[in-house]
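**Q** After the structure tokens below, expect a handful of questions from me.
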Amino acid sequence: MTAASGTSLWRELIRKPFFWGVVAILALLALNVVKDPTYLAMSVNPNNGHLVGNLIDILRQAAPIMMIAIGMSLVIATGGIDLSVGSLMAVAGAVSMEFLSAAGDSGSAGAALGAIGLALLVTAILGALNGILVAYVGLQPFIATLVLMLAGRGIAKVITGGQNTAASNAPFRWISNGYLIGIPVVFILAVLIVIIVGWVVRRSALGLMIEAIGINPRASRMAGIKPKGLLLTTYILSGILAGIAGIMSVGTVMTVDISRTGYQLELDAILAVVIGGASLAGGKFSLSGAFVGALLIATLDKTVLFLGVSSSATPAFKAIVIVLLCLLQSERVRSWFVRRRRLTPPASTQETRKEEVPA
């Protein structure tokens, strides 16, 4: 590889938004290592033989964020937004825990599959409700999904009778707490879902049609695309992925906390999508970028706890990191630094000019 091609590759790489997300993840990990050199060390739990450590915790915590971030990416690409994903997580958790509690079989894989299927069916229906309000009724996506964001936790309370429902089922719990080849099952499942969704939207015309709707809905209709059906599909998919995220969250402790499950995770999903380089105006999305963004959010949350940042200062700390990252991603900011560098003459040139000035 020549120096010119290496420089060109580097310039192309720094233009990728997810690159700066990876840089931010590495910087946060380095910050934690400075405080504790053993931060990245992993060990084997003698009781069960599973790997334990901070990196494992980050992977497990990132999985639900990945799910709602992928769904949010597709919705935002159409020019919309889904504020209800956190509430749908609570609904999925409430449905699954109530089902398992009623089944009363702590070791049945059939009960686990039934709970998962029913939870995803309910969240798909609620996602379809969002899609109908946006695509067919004509409500603004912000308003349509805000309604379900507020009503979703009420629905979850109705399902559980206002109580935090707990259940016991080993196969269901394994989804969130199990391991395969030393890696949390929940993270492996999240990666597989991201790969499947990415393959479908990029190997077919679906991704291009979604982006076309976000760029110009009227032109997309003239090109033969049916925006209403696609909008409905994206909101249903967002609802299903939010349901999967809810199952992952409640499966860790096998208890649904209506007020806490999925609380404000819709904001983390939006941040992950923006970090990944998607445009909030629609017409552009990157599932790999959202994947990196979700990892960054999980790493940032873990770093906040590890550094002992007070709860009152946590939002400010996260905001500073996100703002700095967005500045690094900005073409305008980078071009400003390049312009300043070009305008500043080298030190040797400045010394030559000083020598040429007559005494």
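**Q** Would you check if residue 81 is of a type outside the set (Gly, Ala, Ser), assigned to a helix (DSSP H, G or I), touching a Ser or Thr at 6+ places or on another chain (Cβ under 7 Å) and at pLDDT 85 or above?
**A** no
**Q** Looking only at the range 179-206, which residues are surrounded by fewer than 18 Cβ atoms within 10 Å (Cβ to Cβ) and modelled with pLDDT under 90?
**A** Result: 180, 181, 182, 183, 202, 203, 204, 205, 206.
**Q** Say whether the condition of being buried (at least 24 other Cβ atoms within 10 Å of the Cβ) and more than 19 Å from residue 245 (Cβ to Cβ) is met by at least one residue in the range 139-154.
**A** yes
**Q** For the range 102-127, what are the residues that are in contact (Cβ under 8 Å) with a residue 60 or more places away in the chain, surrounded by fewer than 16 Cβ atoms within 10 Å (Cβ to Cβ) and assigned to a helix (DSSP H, G or I)?
**A** Selection gives 109, 125.
**Q** How many residues, within the range 139-186, are under 20 Å from residue 98 (Cβ atoms) and assigned to a strand (DSSP E or B)?
**A** Residues meeting the conditions: 1.
**Q** Are any residues in the range 248-277 under 12 Å from the mean Cα position of the chain (by Cα) and closer than 19 Å to residue 84 by Cβ, and if so, which ones?
**A** 265, 266, 267, 268, 269, 270, 271, 272, 273, 274
**Q** Consider the range 229-287. How many of its residues are assigned to a loop (DSSP other than H, G, I, E, B) and not aliphatic (A, V, I, L, M)?
**A** First pass over the range 229-287, keeping only residues assigned to a loop (DSSP other than H, G, I, E, B): 252-254, 256-264, 276-286.
From the residues that got through so far, the ones that are not aliphatic (A, V, I, L, M) too are 252, 257, 259-264, 276-277, 279, 282-286.
Here the count works out to 16.
The values are calculated or read from the model by the stated rules, or taken from the named source; none is laboratory data. Remember, it's a predicted structure, so these values are computed and weren't measured experimentally. Don't worry about glycine lacking a Cβ; one is built from the backbone with ideal geometry, like all the others, and counts go over all protein chains shown.
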